[in-house]
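Please read the structure below before turning to the comments.
The values are calculated or read from the model by the stated rules, or taken from the named source; none is laboratory data. The model shown is predicted, which means the values in this text are computed figures rather than measured ones. Please note: Cβ atoms are built from the backbone with ideal geometry, for glycine as well, and neighbour counts cover all protein chains shown. What goes into the accessible areas is simple: the full protein's heavy atoms, side chains included, and nothing from ligands, DNA or RNA. Shrake-Rupley method; radii C 1.70, N 1.55, O 1.52, S 1.80 Å.
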Amino acid sequence: LRHRLTKLLKELELSEADLSVTVCGDEEIREINRDYRGVDAPTNVLAFALEEGEPLPGVPRVLGDIVISAETIRREAPPLGYTDGEMFYFYLVHGLLHLIGYDHELGPEEAARQEVETERLWSMINHGL
């Protein structure tokens, strides 16, 4: 995980950035989703960005937190034809892109932009990075 995440950050020109990744179960992610988003249901990934606005020059970047539900991944992967690992890295990329400002909920144009970048980075991971 650390190796692949380091490569992803380098690809995004964020080699010096810091972030956290938490893997949990459905109950924990449901509680977080309820408390922070007002949605009382489990989800696959949540991202909590710590940065607002433009980064300050010379100050190390702390991007935020990604929370991924392993239980949701185990449910979602087989019907989509993916392994648990492939699905995990898909959601890791998805969460990482949210931390750096991508937001598919802003409309179709932004959703398409995020989808293209997700596929590009996810493809890198699936081909050995």
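Residue count for the stretch 96-125 under the criterion of being in contact with a Leu (Cβ under 9 Å, 6 or more places away or on another chain), free of Cβ contacts under 8 Å to residues at least 40 places away in the same chain and farther than 20 Å from residue 67 by Cβ: the result is 1. Restricting attention to the stretch 95-128, which residues are open to solvent by 40 Å² or more (accessible area, probe 1.4 Å) and touching a His at 6+ places or on another chain (Cβ under 8 Å)? Within the stretch 95-128, just 115 meets the criteria. Residues considered: 45, 62, 67. Of these, the only one that is surrounded by fewer than 17 Cβ atoms within 10 Å (Cβ to Cβ) and β-branched (Val, Ile, Thr) is 62.
Flag: residue 56 does not match the condition of being of a type outside the set (D, E, K, R) and touching a Leu at 6+ places or on another chain (Cβ under 6 Å).
At pLDDT 90 or above and open to solvent by 80 Å² or more (accessible area, probe 1.4 Å): which single residue out of 92, 80, 56 fits that description?
Values: 92 fails: open to solvent by 80 Å² or more (accessible area, probe 1.4 Å); 56 fails: at pLDDT 90 or above.
Sole residue among the options that is at pLDDT 90 or above and open to solvent by 80 Å² or more (accessible area, probe 1.4 Å): 80.
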